[in-house]
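Values in this text are rule-based calculations from the coordinates and carry no lab data. Predicted model only: the values in this text are computed from it and were never measured. Neighbour counts run over all protein chains shown; Cβ positions are idealised from the backbone, glycine included.
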Amino acid sequence: MKRSTVIALAFLVVMLAGGSFWYFEKSRPVAAVPVTAAMPVVAASVTSKDVPIYLLGIGTVIAYNTDLVRSQIQGQLVQITFTEGQMVKAGDLLAQIDPRPYQTQIEQLTANRERDSAQLMNAEANLSRYTQLGDKGYATPQLVETQKAQVAQLQAAVKADQALIDQGNVQLSYTRLTSAIPGITGVRQIDIGNIIHPTDPNGLVVVTQVEPISLLFTLPQSELPRIQEQIAKGPLKVIAYSQDDKIKLDEGTLLLVNNEIAQTTGTVQLKAEFANPNHRLWPGQLVNARLLLETRKNALTVAASAVQQGQKGAYVYVVAPNKTAELRPVTVAQISQGQALIDTGLKESEVVVVDGQYRLKQGIPVLELHGKAAREADLQSAVQDAIP
């Protein structure tokens with residue numbers, strides 16, 4: 001009887017303990033399944049517009065023409081009529097050499113010509129008389145022939161005198177040092193009062209023509225077929241920018257593709273001409289050259305910051321309709337002025353992530369930021385990128 005009672009009590013205790021355990025487990029709150037939080041990003045739509053296709057190169061500005069003004073005669077400089085850095089026209093007087101020695105020489109040569117001309121007139125008169133006398137038999141043929149020879153001699157003397165006068169006038173013209181081209185004068189190499197010589201290595205001054213002006217730049221030889229194809233359609237535009245690509249200096253026209261490729265660098269040299277009315281291009285200046293090949297109509301563009309580079313090439317993150325990130329491979333034709341031209345991979349009006357994509361993965365939820373929040377996110381991203 002006692003043994004049965006003990007067993008019954010033990011069974012009761014077990015039942016009570018099991019019920020208590022079941023009750024407490026039932027009443028314990030169920031742990032929540034973790035949910036991935038949406039990643040905040042800045043996004044923008046894919047747009048369609050006309051996009052110019054450029055080839056980029058580095059070039060050097062060269063003068064259209066350069067004239068080293070030298071003297072062709074020796075003499076003392078008595079006048080300098082230009083100031084350094086002055087704009088001059090072709091034919092403008094720059095300096096004057098003392099002309100008096102050459103004027104005196106011309107006066108002497110002129111006197112010799114007048115003397116010989118007078119003798120010639122007398123000889124021609126005698127020849128006329130001797131000829132008349134010879135016709136009547138009063139003068140010998142030898143006398144007539146001798147007089148003819150004297151006339152011919154004096155005629156040659158007069159011609160020689162005139163040639164010397166012409167030569168003297170040419171020498172006299174050399175006393176005026178003029179500019180052969182329009183342009184800007186450089187540093188004066190000789191001062192007034194000094195003797196200038198034809199052998200002076202630096203001459204008087206260098207005049208540099210800057211309107212128009214030329215630009216020599218190089219491009220990879222692989223681009224030559226595209227350039228030739230577009231040249232066949234018409235003149236190509238070249239745009240010159242400052243070295244930091246912030247200032248547009250001038251627009252010009254492609255003049256020449258050089259007739260050989262530099263084997264050491266694998267590049268081809270091109271030459272462009274610019275009107276340069278504001279003198280923003282200067283000889284010796286290094287500039288960035290953009291050769292406009294064509295303008296692609298209704299091309300797809302996105303912000304350049306949206307394009308990332310992976311092991312398989314370029315890609316972007318597209319914001320799917322369910323607000324998740326979708327990794328999309330793309331083909332980029334060019335990146336210029338902060339915009340990427342997309343050949344394949346995107347459609348117009350699709351939304352792509354332009355900031356914050358470094359934390360994204362395929363399928364992760366995203367939260368698009370707008371307005372002030374988007375601007376602050378851009379700023380934060382820029383600050384983080386600047387930290388080494």
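In plain terms, the chain is cut at each of the trypsin sites (Lys or Arg not before Pro) found in a DSSP loop with at most 14 other Cβ atoms within 10 Å, and the longest leftover piece is 90-232.
Projecting the Cα atoms of Gln142, Asn126, Thr83 onto the charge dipole of segment 67-196, computed from C-beta unit charges around the Cα centre, puts Gln142 farthest toward the positive end. Specify whether the C-alpha gyration tensor of segment 67-196 places it in the rounded, prolate or oblate class, a ≥ b ≥ c being the square roots of the eigenvalues: rounded for a/c under 1.5, otherwise prolate if a/b is larger than b/c and oblate if not. Because a/c hits 1.5 or more and a/b exceeds b/c, segment 67-196 counts as prolate. In this structure, Asn258 and Ala90 have a Cβ-Cβ separation that, at R0 = 30 Å, corresponds to a calculated FRET efficiency of about 0.55.
Positive end of the dipole of segment 177-239, charges at C-beta (+1 Lys, Arg; -1 Asp, Glu), about the Cα centre: which of Leu177, Ile190, Gln221 has its Cα farthest in that direction? Projecting each Cα onto the dipole axis, the largest value belongs to Gln221. Between Ser128 and Gln79, the modelled labels are 4.6 nm apart [label points 7 Å from Cα along Cα→Cβ]. Under a model in which nothing but the beta-carbon of Lys, Arg (+1) and Asp, Glu (-1) is charged, segment 164-227 shows a dipole of about 80 debye around its Cα centre. Once you reduce segment 234-272 and segment 311-370 to the center of their Cα atoms, the two points are 33 Å from each other.
Short to long, the 10 Å bins of the Cα pair-distance histogram for the chain hold 4, 13, 13, 12, 11, 9, 9, 7, 6, 4, 4, 3, 2, 1, 1, 1, 1, 0, 0, 0, 0 percent of all pairs.
About its Cα centre, the dipole of segment 67-196 is roughly 160 debye, where the only charges are +1 on Lys and Arg Cβ and -1 on Asp and Glu Cβ. Extending 7 Å from Cα along the Cβ direction at Thr60 and again at Thr110 yields two label points whose distance is 5.1 nm.
Nearest 10 degrees, 0 to 90: what angle lies between the long axis of helix 2-27 and the longest principal axis of the chain (Cα atoms)? For helix 2-27, the angle is close to 30 degrees. Considering helices alone, the calculated mean residue ellipticity of the chain at 222 nm is -11000 deg cm²/dmol, with DSSP H runs of length four and up weighted by -39500 (n - 2.57) and normalised per residue. Size of the dipole of the chain about the Cα centre, Lys and Arg at +1 and Asp and Glu at -1 on the beta carbon, nothing else charged, in debye to 20? Dipole size: approximately 2200 debye. Considering only Val302, Val354, Pro283, and ranking their Cα positions along the charge dipole of segment 248-372 that arises from unit charges at the beta-carbon of Lys, Arg, Asp and Glu, the one farthest toward the positive end is Val354.
Descending by average beta-carbon neighbour count within 10 Å, the peptides 137-144, 349-356 line up as 349-356, 137-144, the highest first.
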